[in-house]
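*Asks:* First the structure, then my questions, so here it is.
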Amino acid sequence: MSERPEDQRQPNTVLGVIAHVDAGKTTLSEALLYVSGAIRKRGRVDDGDTVMDTDAIERSRGITVFSGTAPFLYGGRAFTLLDTPGHVDFSAETERAMGIMDACVLVISGASGVQAHTRTLFRLLALYEIPTVVFVTKMDYALSDEDAVMDSLRKELDGTFVKFGDGNADFYEETATCSEETLDRFLETGTVEDGEIRSLVRRRLLYPVFFGSGLKLTGVEAFLSGLVRFLPYPEYGADFSARAYKIMRDAAGERVTFLKVTGGTLRARDAVTVRGVTEKVHEIRRYSGSRYTAVQEARAGDLCGVTGLTAVRAGDRPGDPFPAQEAVLKPVMRYAVSLPEHVDPEEAFPVFKALEEEDPALSVTWNGYLREIEVGIMGEVQGEVLCAVIRERTGMEIRLTGGHVLYMETIDGSAYGVGHFEPLRHYAEVHVRLDALPRGSGLRFRSDVPQNDLAANWQNLILTHLKEKEHAGVLTGSPVTDLQITVTAGRAHLKHTEGGDFRQATYRAVRNALMHARSVLLEPYVRFRIRVPQESVSRAMNDIRARYGTYLAPVYNGGDAYLSGRGPVTGFNDYPKELASYTGGTGQMVLEQDGYDRCHDTEAVLLKTGYDPLMDLSNPASSVFCAYGAGFNVPWDEVERYMHLPRVNLNSRASFRAAPAPAGPSASVSLRATDDELEAIMLREFGPIRRPQYTDRKPVAVSGKPYRPAAAVTEELVVDGYNVIFAWEDLRKLSEEDIAAAREKLIGILVNYSAFRGIRTTVVFDGYRVFRNPGETISRGGVTIVYTKEQESGDLYIEKYIGSLPKDTRASVVTSDGMIQIAALRKNAVRIASAEFADMVREADREIAGILETRAREGHGTVGEWMAGRADSPAEGS
């Protein structure tokens, strides 16, 4: 930022206004707009007619819930006022707004001074490095005292606060003490230049303080003049960049993405790219409250709402190379959504996901086990507002029930994990190391793999997959945090690796490492300050200890005692009511979020949640390897027996084994291969696409039973695709996020199963309701994939298809759909329920694993020996 306004066409300054609830923030915002001439009439919060609070919920409650903007000019300088919520329940919205502020007005009530939430906001301003000025309002109140407020600021907040305006003869001297350079110049000249003051404010070495009343308009003109003189000027680059800070839908239901242009110029019809998705801007709007004007362009420093961008999310930074600051204020409680009896939760889920776009802190999730929607809530008021918004938009009456703490997980020390994904004609292997970080560090990612070992594009893809997923811990399934995740090794195949292969391998590697780690359960903590009568201090200290909290020695002042400390949220959320009860209303307690720390009752929480990481099909720790033309599953604790790359020591990058391989038939199997060997495996195992597989295999003993070779193709397996997807838990969960990915996963399973069993397979996906769908039939890996056309149901297609098969073909139909089962019965086809077919697939996986163990016992220990043995024995070839 510049300290001298040499260019008269300085860019717009985004001026945030923040405060604790009921400090007078919105009233001051109205006063600034009125005095500057931006509005002709001031609204009042009590009357529900303010320019900034435009939503019906805001006006009915008298509080700001959603951030709002309004441009104004004063003293030849352009500002955009950004009004933010003051209630602690909506502080996540305030924090998101900080990401686009050039400067900020911290509003303090002269009647109440610095509050607990004020301290939280001030720490956030320091974290986001926002130049800040203070306006103390409500000075028309009888109890307001300037000296008391200045003492409160200097005592409670970490910074140099100097009173600006009339009545401070020592103004320049106090300002000069902010830095040695400024003091030296002041001693020489006896004054401090405006440019020097702007520099001090920019570096957060100085916090100017103004006094007045937003309601009475006293001190507002002087404050506006001070903003023009002393706020630093923002500077921007020539190339386009922007920051998305808010998503909403207008009265017509159209999605509006709110951006701050941080570089260059954005014009209507320009293309914007985020996470590989490019979209065109349809319309650019300049908002003032709820009203807007359509404009052709937005320049650096401008705030605007744009239509046409559906992929951009709040927090995205198109064109900006710097990552967004991870949010500090997050919900620590989760609630289940109780819907009306006639509403299907799965159908209502998209409504809540749309709300999550507007408020990412809601963290909407689907609990597949309980078939219910869960949301993250900061507090009771936010919960009431959420219910009101749903009622207003959909007419549904909902309730939030079953509130529980949002736990997180981390590890002690370090852990190593391997993920391998190698079904038919796919390949990827990833190794990661997890290292514990200090509390509050979040997740960090890096790759230590030399580019000679793995190309940069694959490494970048792995890092992308690491960042895109909320990795679940293995204690309660809660998100993991405070970890350094380092990619230590990886391998791709020249012909058979696709992008999705590394996604699977990466997810599995992290999960595998967590299964090997010493996991730690974390719970949210609060920092508290308690004031009680001296005769109650012993009771308060005993209560704190009973709630697993800690505290500093009490401080006595007059007849009161003050206690400061911290403890788990679960112990102190309801304590303010109890405190008020036993002190007769004289005791007070303020709470502030204080991050996460070790859970005080881990065993009880684990017992209550009953989470089993091996039953969480959406987060597998196992890996998929390949043999006999099919993929087979390897449990998490046996993956290192089969992995293709050696384990890596990060200190020396030398290969080592942390522990000897477990004894057993598979311990001697080495599947570490070069790319040439991997290609040979692919060719010899799978053969050319048109080559029949498994027709001449010799019987091999497995668990005392002869292995039956695949027969000639006289059997036909017909699969009702969507019925299986929605019947299998892992596929159903995947379909909620990406139905195409669920289809692809099912197709891959069928390709592997069909190749191993030696049967012909057709999978049918119903396209009955797809408008203008012509239908399509394709073949992949021996499986025929059918997408029925518009107005052609899947059950009708399956009935016709099995009726057209030759008489010597034995058809089996996989479905749990009653109509299709009846159709299969008419055609003398074998009916297989979707759940039963899942067991058949698992049985095939077990047989493949058994075959591998048998071959290991026969001495085919290495890939080279195995391949040589198969080449010398034509009967065992593929």
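The values are calculated or read from the model by the stated rules, or taken from the named source; none is laboratory data. Since this is a predicted model, take the numbers as computed values, not measurements. Note: ideal-geometry Cβ built from the backbone for every residue, glycine included; neighbour counts use all protein chains shown. The area values use the complete protein model at the heavy-atom level, side chains included, leaving out ligands, DNA and RNA. Shrake-Rupley method; radii C 1.70, N 1.55, O 1.52, S 1.80 Å.
*Asks:* With the contact rule set at Cα under 8 Å and sequence spacing of 6 or more, what percent relative contact order holds for the range 146-264? Provide the component values of the computation, followed by the final result.
*Replies:* Numbers: 131 pairs, mean separation 22.5, N = 119.
Taking the mean separation of contacting Cα pairs over the length of the range 146-264, I get 19 percent.
*Asks:* Amide H of Arg780: which non-local residues (sequence gap of 5 or more, or other chain) have their own amide H closer than 5 Å, using H built in the peptide plane?
*Replies:* Ile785
*Asks:* Could you sort Phe322, Phe211, Phe765 by their accessible area in this structure, using a 1.4 Å probe and putting the largest first? Write down the numbers at each step before the final one.
*Replies:* Numbers: Phe322 135, Phe211 30, Phe765 0 Å².
Largest to smallest exposure gives the sequence Phe322, Phe211, Phe765.
*Asks:* Which sequence of Met333, Met615 reflects their accessible areas, 1.4 Å probe, from the largest down? Don't skip to the end; give the middle numbers.
*Replies:* Values: Met333 35, Met615 120 Å².
Most to least solvent-accessible, the answer reads Met615, Met333.
*Asks:* While we're here: Relative to 2.2 N^0.38 Å, what does the C-alpha radius of gyration of the range 176-291 come to as a ratio? Two decimals please. Before the final figure, lay out each step's value.
*Replies:* On the way: Rg = 21.0 Å, N = 116, 2.2 N^0.38 = 13.4 Å.
This ratio for the range 176-291 stands at 1.57.
*Asks:* Taking H as built 1.01 Å from N, whose amide H comes closer than 5 Å to the amide H of Val14, not counting residues under 5 places away?
*Replies:* Thr80, Asp102, Ala103
*Asks:* Using a 1.4 Å probe, what is the accessible area per residue for the range 90-132, in Å²? If you can, show how the numbers build up before the last one.
*Replies:* Values: 940 Å² over 43 residues.
For the range 90-132, the solvent-accessible area averages 22 Å² per residue.
*Asks:* Please work out how much accessible surface Arg299 shows to a 1.4 Å probe, ignoring ligands, DNA and RNA, in Å² rounded to 10.
*Replies:* 150 Å²
*Asks:* Another question, if that's okay. At 0.692 mPa s and 37 °C, plugging the Kirkwood radius over alpha-carbon pairs of the range 504-597 into Stokes-Einstein gives what diffusion coefficient in µm²/s? If you can, show how the numbers build up before the last one.
*Replies:* Numbers: Rh = 15.0 Å.
Calculated translational D: 218 µm²/s.
*Asks:* Could I ask something else about it? Just to check I understand the Karplus step: with θ = phi - 60° and J = 6.51 cos²θ - 1.76 cosθ + 1.60, what whole-Hz values come out for the range 183-194, glycine and proline as x?
*Replies:* 5, 4, 5, 5, 5, 7, 10, x, 8, 10, 5, 4
*Asks:* So for the range 301-375, averaging the separation of alpha carbon pairs under 8 Å that are six or more residues apart and normalising by length, what relative contact order in percent results?
*Replies:* Working: 51 pairs, mean separation 22.3, N = 75.
Taking the mean separation of contacting Cα pairs over the length of the range 301-375, I get 30 percent.
*Asks:* How large a share of the accessible area of the range 468-524, in percent, is made up of carbon and sulfur atoms when the probe is 1.4 Å and the other protein chains stay in place? If you can, show how the numbers build up before the last one.
*Replies:* Working: 720 of 1680 Å².
Carbon plus sulfur share of accessible area: 43 percent.
*Asks:* So what does Thr401 come to for accessible area, using a 1.4 Å probe and Å² rounded to 10?
*Replies:* For Thr401, solvent-accessible area is about 50 Å².
*Asks:* From the P(r) of the range 238-329, could you give the percentage of C-alpha pairs in the tail past 19 Å? Write out the running numbers ahead of the final one.
*Replies:* Details: 1395 of 4186 pairs.
Cα-Cα pairs in the range 238-329 separated by more than 19 Å: 33 percent.
*Asks:* Among residues other than Tyr556 whose Cβ falls under 14 Å from its Cβ, what is the net charge (Lys/Arg +1, Asp/Glu -1)?
*Replies:* -1
*Asks:* First obtain the Kirkwood hydrodynamic radius of the range 723-770 from its Cα pairs, then insert it into the Stokes-Einstein equation at 10 °C and 1.306 mPa s, and state the resulting D in µm² per second as a whole number. Mind dumping the intermediate values first?
*Replies:* Working: Rh = 11.6 Å.
The diffusion coefficient I find is 137 µm²/s.
*Asks:* Rounded to a whole number, what is D in µm²/s for the range 236-287 from Stokes-Einstein with the Kirkwood radius over alpha-carbon pairs (20 °C, 1.002 mPa s)?
*Replies:* Values: Rh = 12.0 Å.
For the chosen part, D equals 178 µm²/s.
*Asks:* Continuing with the same structure: Just to check I understand the Karplus step: with θ = phi - 60° and J = 6.51 cos²θ - 1.76 cosθ + 1.60, what whole-Hz values come out for the range 496-511, glycine and proline as x?
*Replies:* 9, 8, 10, x, x, 5, 6, 4, 4, 5, 5, 4, 5, 5, 5, 5
*Asks:* While we're looking at this one, here's another question. What does the charge add up to near Gly490, with Lys and Arg as +1, Asp and Glu as -1, over the other residues with Cβ less than 12 Å from its Cβ? Walk me through the numbers before you get to the answer.
*Replies:* Details: positive: Arg491; negative: Glu429, Asp448, Asp453, Asp501.
My count for the surroundings of Gly490 gives -3.
*Asks:* Give me the Kirkwood hydrodynamic radius of the range 472-530, using the inverse of the mean 1/r over all pairs of distinct Cα atoms, in Å to one decimal.
*Replies:* Values: mean 1/r = 0.0698 Å⁻¹.
After inverting the pairwise mean of 1/r, the radius is 14.3 Å.
*Asks:* Then there's this: Rank these residues by their accessible area, most exposed first, probe 1.4 Å: Glu392, Glu129, Glu357.
*Replies:* The most accessible residue leads, giving Glu129, Glu392, Glu357.
*Asks:* Separate question: Under the rule of at least 5 residues apart or a separate chain, name every residue whose amide H is placed under 5 Å from the amide H of Leu406.
*Replies:* Hits under the 5 Å cutoff: Met333, Arg334.
*Asks:* Still on this model: Enter the accessible area of Met248 (Å², nearest 10), with the probe set to 1.4 Å and all protein chains included.
*Replies:* Counting only protein heavy atoms, the figure is 50 Å².
*Asks:* Here's something else I'd like to know. Once phi is turned into θ = phi - 60°, what whole-Hz ³J(HN,Hα) does the Karplus curve with 6.51, -1.76 and 1.60 give for every residue of the range 18-23, x standing for Gly and Pro?
*Replies:* Each residue's phi maps through the Karplus curve to give 10, 5, 6, 4, 6, 7 Hz.
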